[in-house]
Amino acid sequence: MSNFPNQNKSTEQRAKNVNDAIDAALKELGATADEVDIEVIDEGSKGFLGIGAREAVVKVSLKNRPAASGAAKSGAENTASAKPDTKPQSAPADAASIEADAEKFLRDIFGAMQLDVSVSAKMSDDSSLSINLEGDNMGIVIGKRGDTLDSLQYLTSLVVNHKTDDYIKVTIDTENYREKRTEALLALSNRLADKVAKNGKKFTLEPMNPYERRIIHANLQDDERVTTYSVGSEPYRKVVIAPKDAKPYKKNNRRRNNNQRRRVNDAPKEPPKPTTPPPTYKADFKPQQHKAEYKSFEDYFAHENNE
C-alpha cells in the first residue's frame, strides 16, 4: 500500500474499457480501490463496425486522509485488493460532447469514403441534434431519393443515443435537401389526388420511408375526394391514393348475375301456336252463269231484242 507522499496526487488513464483504465490508474498510484476516488470521464464505445470507437477515460485521485498505522496498513493491504463491486456511473453527456461525437463519427465515415465533407452539428433546447453537411459532389452523400442520407442519419442516431438515457432526435441535411424533398412530395400528392378523383382509379406510389409517407398522409387527410393508406412491409411500404367513395368489386355478385343470365337464355322455348288461314268467301253471283242457256251471242241478242 502507498504511504501517500502526496495526498492530492491523481492520474488520468485511457483503456479499452473502464475496468482496465481503473487498474492502470491504481497501479500507477500504488493504491487500492478503497484508497482512491474514481471519476469516469468517458465510458468509451466499441462503435459500429469499428467506426466511431472510443477508449474509456477515468480520473483516479488519492483520498485526503492521514496515513494509517502499521497494523492498519497491513490489514488494509490484505482486504482492499479487490476491484470495485459496482461499475461507476457516468455523468449525463452534455451538448458539446454529443456534438463532438456526432461530428467525429461522420468525419470518420467520409474519410473512409475519401470525401471532403464539412460537418457541423448543433444541439437545440428540445433535445434534438441538427447536422449540416457541406462539400462537393453531395449527390453521393444524398443517394437515390435520399437513401444514403437517411442511412447516415440512422447510424448517427445510434452513436449519439448510446451515451444518454434521454432520446435525442438526429436530423442530417445538406443543400437544403429535406425542404426540397418535402415540397416535391406535396406537389406530387396534390397532382395524383386530382388524377385519382378524375378517373376514379387508385394509384400506388413508390416505396418511401415513414417520414415521407407521413407527409403525403397529412397533406391529403382533409381532401374530400380521396383517401390514403399504406400497404406492404418495410422497407418496401408504399402509399396508396384511392377515391373516397370507391365501391369494392364483388366477384360473387358478378358471377351470380352471369349464372342467372345463362339460365334465362338456356330455358326451352315454347312451340309457336298454329295459325289458321283467314276465311274465304264464295261469290253467290256468277256473272257468266246465264250464258249457258244460249248457244251463241247471236241467240242471246235475238232473245234480248224480242224481249
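Note on residue 206/residue 169: beta-carbon distance plugged into 1/(1 + (r/R0)^6) with R0 of 25 Å gives a FRET efficiency of 0.45. Loop-resident trypsin sites (Lys or Arg not before Pro) (DSSP state other than H, G, I, E or B) in the range 12-46 with no more than 15 further Cβ atoms inside 10 Å of their Cβ: 16, 46. Quick check: from the Cα gyration tensor, does the range 178-243 come out rounded (a/c under 1.5), prolate or oblate? It comes out oblate by the Cα gyration axes.
Sorting 130-136, 220-226 by average packing, meaning the other beta carbons within 10 Å per residue, from highest down gives 130-136, 220-226. Label-to-label distance, residue 16 versus residue 242, with points set 7 angstrom from Cα along the beta-carbon direction: 5.6 nm. For residue 195, the shell of other residues with beta-carbons less than 14 Å away shows a net charge of +3, using +1 for Lys and Arg and -1 for Asp and Glu. At an R0 of 22 angstrom, the distance between the Cβ atoms of residue 151 and residue 112 translates into a FRET efficiency of 0.95.
Every number here is computed from the coordinates shown, using simple stated rules; none is lab data. Since we're looking at a predicted model, the values are computed, not measured. Reconstructed Cβ throughout: ideal geometry from the backbone, glycine too, with neighbour counts over all protein chains shown.
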